[in-house]
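The values are calculated or read from the model by the stated rules, or taken from the named source; none is laboratory data. Quick caveat: nothing in here was measured; it's all calculated off a predicted structure. Cβ coordinates were reconstructed from backbone atoms using ideal geometry, including for glycine residues, and neighbour counts include every protein chain displayed. Areas reflect the complete protein model, heavy atoms only, side chains present, ligands, DNA and RNA absent. Shrake-Rupley method; radii C 1.70, N 1.55, O 1.52, S 1.80 Å.
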Amino acid sequence: TNRSRRRTMSTSGPVQTTQQRNLGLLRSLPQPSKEYVLWKDKASSSSSSTASSSSSKGGPFPPIPPYGKRQNFRPKTLADYGDGGAYPEIHVAQFPLMMGTKDEQQTSIVPLDVSATGAVKYDAVVKRGHESKKVYTSLEDMQRKADDEDALALPSQEAESEAASKTQAALGAILESKVFAARPTHVPEACDRQKPTYIRYTPNPNAPGYSTTQRIVKMVEQQVDPMEPPKHKHSKVPRGAPEPPVPVLHSPPRKVSVADQQSWKIPPCVSNWKNSRGYAIPLDKRLAADGRGLREQTVNNNFATLAEALYIAERSAREEVKARAQIRQTNAAKEKEAQEARLRDLAAEARAEKSAVTATLGGAGRRDGHPGVVGVRGEGPPPSRGGDDDDDDDDGGDADALARAERE
């Protein structure tokens, strides 16, 4: 027991000396020369003064220990802060004025609601998130309601005249401004611009660089350059849905069979032009990705039509060539027959002439007393030859006549 007492005494001694040192240090610190006061309006300052007076009188805020005596003080409620901020010397989590607290987590579960008749309101799912809009979810919402007669009643004569006078005054002001701006003597600087306003500025005493002098500020509208390009951009915002979308009801999920998986399997895209990663792609995969196996090889009917047309054209050309050759042969045979007939006629004429000449020469010789002998220049008659010689002479005459006819 004596040893335990000695230990407690030895341990309690240094603690008391540390507390005494802290108190002495606080007492040795000088009093603050300036007091920090938030800048507030008269109403807020009056309310804060009333609140401080009420707190000093034991009002709504509980008593707060002064600075230096808050070792065991733990602020837990808003009243512990006294309408102020956190305590920097208290090292615990503090939320003055509920700052820093997390908002309530929104859940996707919609609470069950029942109508006046006891039926469950399933339209709560559709109305969730559209509280500011009017959502029609039943047939009763589309039916006509009994209107209020007072709301649909015509306005009185005084209300009509008052609304008409206001409308006329507004339209007159707009027209007057348009007409005044269209005048040639219109000066925009003196008419369109607003008049300068004067503001009395009182500086904040707690702001840095505070000066007690008040200043009067003149607010003038800045001159706008008419040739300056616009500084704004026209961005079209997509128009929202005029009414909430209709909820889509899906069927319960079903297990996918192997056939469905194979039918929904999409092969990867293989390009015939790009291979940025340098993969070694087999040729069958390239052809499969190209889609050549899916195309059916068909021959166009125009090929058969073209072949038939070429065959018919060739056959008609052959027939025409054959007909021309036959006509040419017929014409050549006719020309040959005509030439032969002409040659026969010429030979017949030559033979007739020769026979006439021979007959003439024979008649002259008989008159001279030497029948059948022709004398030429005192020479004797030529030696006589037989009938064969006469035939040869006739043939030679015919040949000479043919040669002469050909030369002609």
What's the number of the condition residue 292 fails, among (1) surrounded by 10 or more Cβ atoms within 10 Å (Cβ to Cβ); (2) at pLDDT below 90; (3) over 30 Å from residue 266 (Cα atoms)? (3)
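Let me confirm something: among 56, 33, 45, which residue is closer than 26 Å to residue 204 by Cβ and modelled with pLDDT under 65? Step through it out loud before you land on a result.
Numbers: 56 fails: closer than 26 Å to residue 204 by Cβ; 33 fails: modelled with pLDDT under 65.
Within the list 56, 33, 45, the selection yields 45.
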Looking at residue 346 and the list (1) in contact with a Leu (Cβ under 9 Å, 6 or more places away or on another chain); (2) part of a loop (DSSP other than H, G, I, E, B), which single condition is not satisfied? (2)
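In segment 242-249, is there at least one residue being modelled with pLDDT of 85 or more and open to solvent by 90 Å² or more (accessible area, probe 1.4 Å)? If you could, list the steps in order and put the result at the bottom.
In the first step, residues of segment 242-249 are kept if they are modelled with pLDDT of 85 or more; the result is none.
Within segment 242-249, not a single residue is modelled with pLDDT of 85 or more and open to solvent by 90 Å² or more (accessible area, probe 1.4 Å).
Among the candidates 67, 87, 81, which residue alone is open to solvent by 70 Å² or more (accessible area, probe 1.4 Å) and modelled with pLDDT of 60 or more? Explain how you work it out, then say what you get.
On the way: 87 fails: open to solvent by 70 Å² or more (accessible area, probe 1.4 Å); 81 fails: open to solvent by 70 Å² or more (accessible area, probe 1.4 Å).
Only one candidate qualifies: 67.
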Can you say whether residue 214 is open to solvent by 100 Å² or more (accessible area, probe 1.4 Å), of a type outside the set (D, E, K, R) and free of Cβ contacts under 8 Å to residues at least 24 places away in the same chain, as far as the supplied structure shows? yes
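Looking at residue 266, is it assigned to a loop (DSSP other than H, G, I, E, B), open to solvent by less than 100 Å² (accessible area, probe 1.4 Å), of a type outside the set (S, T, N, Q) and more than 30 Å from residue 136 (Cβ to Cβ)?
On the way: assigned to a loop (DSSP other than H, G, I, E, B): yes; open to solvent by less than 100 Å² (accessible area, probe 1.4 Å): no; of a type outside the set (S, T, N, Q): yes; more than 30 Å from residue 136 (Cβ to Cβ): yes.
It is false that residue 266 is assigned to a loop (DSSP other than H, G, I, E, B), open to solvent by less than 100 Å² (accessible area, probe 1.4 Å), of a type outside the set (S, T, N, Q) and more than 30 Å from residue 136 (Cβ to Cβ).
With the condition kept exactly as written, say whether any residue in segment 364-381 is at pLDDT 80 or above and in a helix (DSSP H, G or I). Working first, answer last.
Restricting attention to segment 364-381, the residues satisfying the condition of being at pLDDT 80 or above are none.
Within segment 364-381 (the criterion being at pLDDT 80 or above and in a helix (DSSP H, G or I)), the answer is no, since none of the residues qualifies.
Among the helices (runs of 4 or more DSSP H) lying completely within segment 108-177, list those that include at least 2 residues that are closer than 26 Å to residue 244 by Cα and not aromatic (Phe, Trp, Tyr).
Numbers: elements: 124-127, 139-142, 149-152.
Hits in segment 108-177: 124-127, 139-142.
Table: residues versus (1) assigned to a loop (DSSP other than H, G, I, E, B); (2) closer than 30 Å to residue 126 by Cα.
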position	(1), (2)
195	yes, no
211	yes, no
217	no, no
222	yes, no
245	yes, yes
255	yes, yes
277	yes, no
284	no, no
302	no, no
Touching a Lys or Arg at 6+ places or on another chain (Cβ under 9 Å) and either at pLDDT 85 or above or surrounded by 10 or more Cβ atoms within 10 Å (Cβ to Cβ) (or both) - does that describe any residue in segment 227-236? no
